[in-house]
Amino acid sequence: MSRYSEFDPDQLDVRPFAEIQHTVHSDKFASVPRSNASFADFWASLPRIHAGETVRTVASRIAQAKQKERGIIAACGAHVVKCGLAPVLISLMREGFLTTLAVNGATAIHDIEIALFGSTSEVVAEGLTQGSFGMARETAEFMNFAFAEAVEKKEGAGESLGRALNERGAPNNHLSLLAAAYSMGIPVTVHVAVGTDVVHMHRSAHGGAMGETSLRDFRILTSAMRSLTDGGVLLNIGSAVLLPEVLLKCMACLRNSSPDFTRFLGVNMDMIQQYRANEQVVTRVKAIGGEGLTLIGHHEIMVPLLAFAVMEEWHTLTGPA
């Protein structure tokens, strides 16, 4: 016999299974996949556990926001465009499921290059070695001249870029967030951090124009975010630092001028957990009386999934057209 004392299991208060609360129930399990199933079948088949329930909530809340005519605002990092998701976001704009879009300078650059040339995203390692990285003349001149013109016209950066793409009749405007949003009258705001984008290296870059037009876009975004109150949805898709910080300052302005700015859903979507994105878009939104959710996964899968899900939830909410 051991010289050390042992815990006696007879001291345990053992109870019937039915008296103990559980979080996982078999009625929430996934359905078995089958061939020739529709998206509606797939959507209904997802387990109502963890992310399976979270993505349902986000899709449902976006559909409800449209029905209530509340704001649905997305902040998108550059990877979203590089993953080929502009057509999905443009469709959401067209259908009324996206009322404002905020992007950083890199997102705008990739969007412009797709519109003008149908390709983007340099091979950085090779370009840096050869000394050619970021040296495309047309991209820099188009963007920097648009910023300068925006100063004259007192436009925001995104507004000016969208207008310029439409005026030029760029061959791939149907794939451009900036061009499509401008044609639909939907604000796209561009938030530039000077020195972070390849176009800043060029002689055509003008810091004053970047600053003035980006500041105007900050104020346009802040104004647009008023529409989030009482049922709107704010999404951050793939921006780790810059756009979450912009969103935080917009929220600070609105809370200062209108303490009733609250009761909306903040959603952070990214491939990994990012501190600032979760803090500003989830935790801070909760702190002012809203709700916050996180969805983790590859953009090229999660964004189309959410878009199809929103359409399905809208159909459920409103019935057949």
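The values are calculated or read from the model by the stated rules, or taken from the named source; none is laboratory data. Computed from a predicted structure; not experimentally measured. With ideal geometry, Cβ positions are generated from the backbone for all residues, glycine too; neighbour counts draw on all protein chains shown.
Numbers for the structure displayed
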read-out	value
Verdict on Ala18 being part of a helix (DSSP H, G or I), among the aliphatic types (A, V, I, L, M), loosely packed, with under 14 Cβ neighbours inside 10 Å and over 26 Å from the mean Cα position of the chain (by Cα)	yes
Qualifying residue in region 224-236 (condition: over 30 Å from Glu149 (Cα atoms), more than 14 Å from the chain's Cα centre (by Cα), among the charged types (D, E, K, R) and at pLDDT 95 or above)	yes
Candidate set: region 29-68, residues that are of a type in the set (D, E, K, R) and in contact (Cβ under 8 Å) with a residue 60 or more places away in the chain; chosen: the one farthest from Thr99 (Cα to Cα)	Arg56
Close pairs (6 angstrom Cβ cut-off, 6 or more residues apart or separate chains): over 20 Å from Thr213 (Cα atoms) in region 167-188, of a type in the set (Gly, Ala, Ser) and outside any helix (DSSP H, G or I) anywhere	Asn172/Gly118
Test for Ser60: is it touching a helix residue (DSSP H, G or I) at 6+ places or on another chain (Cβ under 9 Å) and surrounded by fewer than 23 Cβ atoms within 10 Å (Cβ to Cβ)	yes
Qualifying positions in region 149-185 - surrounded by fewer than 19 Cβ atoms within 10 Å (Cβ to Cβ) and either part of a helix (DSSP H, G or I) or touching a Cys at 6+ places or on another chain (Cβ under 6 Å) (or both)	Glu149, Val151, Glu152, Lys153, Asn166, Glu167, Arg168, His174, Leu175, Ser183, Met184
Region 86-123, subset in a helix (DSSP H, G or I) and within 17 Å of Leu235 (Cα to Cα), residue farthest from the chain's Cα centre (by Cα)	Ser91
Residue that is nearest to the chain's Cα centre (by Cα), among those in region 247-293 that are of a type in the set (S, T, N, Q) and crowded, with 17+ Cβ neighbours inside 10 Å	Asn268
